[in-house]
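The values are calculated or read from the model by the stated rules, or taken from the named source; none is laboratory data. All figures in this text were calculated on a predicted structure; none of them were measured in a lab. So basically every Cβ, Gly included, is an ideal-geometry build from the backbone, and we count neighbours across all protein chains shown. When the accessible area is computed, the model is the full protein with side chains, heavy atoms only, and any ligands, DNA or RNA have been set aside. Shrake-Rupley method; radii C 1.70, N 1.55, O 1.52, S 1.80 Å.
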Amino acid sequence: MFDAYGTLFDVHSVIALCEQLWPGKGAALSQLWRAKQLEYTWQRSLMRRYEDFSRVTEAALRYACAALGLQIDEERRRSLVAAYLTLATFPQVGKALAELKAMKLRLAILSNGSPAMLRPLVANAGLRGLIGIAISVDQTKIYKPAPAVYRLAVQRLRVPKPTIGFVSSNCWDACGAKSFGFRAFWINRTGAPVDELGATPDHVIGSLAELPALIRRPLS
């Protein structure tokens, strides 16, 4: 079971478009946009004021532009929001997923993304043949790391919690999955410290490319 944004799909692949629209501001806009996007999911979950991820993403974009003093018109807004449907995958994703699929594992996504965002995202990346199921938090009207989200995977796959391995590049997400009862794998691409949330990932790897070899050997 994989997280989508930041794990399989590089949310900062929008930097090129951001830079094209606002030269010299692309990286700053992408970073603030993503940070606010996540912040809004947590705040809305606590407030019980759910909006689907596409609306949260747009709201975060408007905030980031306002905070950076960038004027955004309808054409720019549409192009940036559309970019989230064609995010690039990280370089090792296709090969790693193919290796895992060859091991007869069931591969699925569990994401904050709405179904209308996930379907084209997976299709545009050419991953339909590898990822059989994409589960959205939209069914629960709350965002990760709420336990109700991880419970969706158990209900959909109809398997016990400990048999599900959850992979995320977001430490808080991996911790949430571990707290729920999954075997959690954290992709720590930047060498960051583990979040202190009372539950720690079972395994820490530097990239998705390391996962197939780790799965092949007995997990302790």
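Observations
- A Gaussian network model of the chain, with springs between Cα atoms under 10 Å, assigns the largest mean-square fluctuation among Ala108, Ala59, Ala177 to Ala59.
- Ranked by the mean number of other Cβ atoms within 10 Å of their residues, highest first, the peptides 199-207, 2-10 come out as 2-10, 199-207.
- Within a Gaussian network of the chain (alpha carbon springs, distance under 10 Å), most fluctuating of Arg62, Arg48, Arg151: Arg48
- Using only the C-alpha atoms, the convex hull of the range 1-126 corresponds to 108 Å³ per residue.
- Relative contact order for the chain, counting Cα pairs under 8 Å that sit 6 or more residues apart, in percent: 20 percent
- Label sites at Ile15 and Ser79, each approximated as a point 7 angstrom past Cα along Cα to Cβ, lie 1.9 nm apart.
- Choice from Pro162, Pro147, Pro23 with maximal GNM fluctuation in the chain (Cα, 10 Å cutoff): Pro23
- The local environment of Arg77, defined by Cβ-Cβ distances under 11 Å, has a net charge of -1 under the rule Lys, Arg +1 and Asp, Glu -1.
- Principal axis dimensions, the chain - Cα atoms, whole angstrom, descending: 53, 37, 33
- Per residue, the solvent-accessible area of the chain (1.4 Å probe, heavy atoms of protein chains only, all protein chains present) comes to 48 Å².
- Accessible surface of the range 106-220, 1.4 Å probe, proportion on carbon and sulfur as whole %: 52 percent
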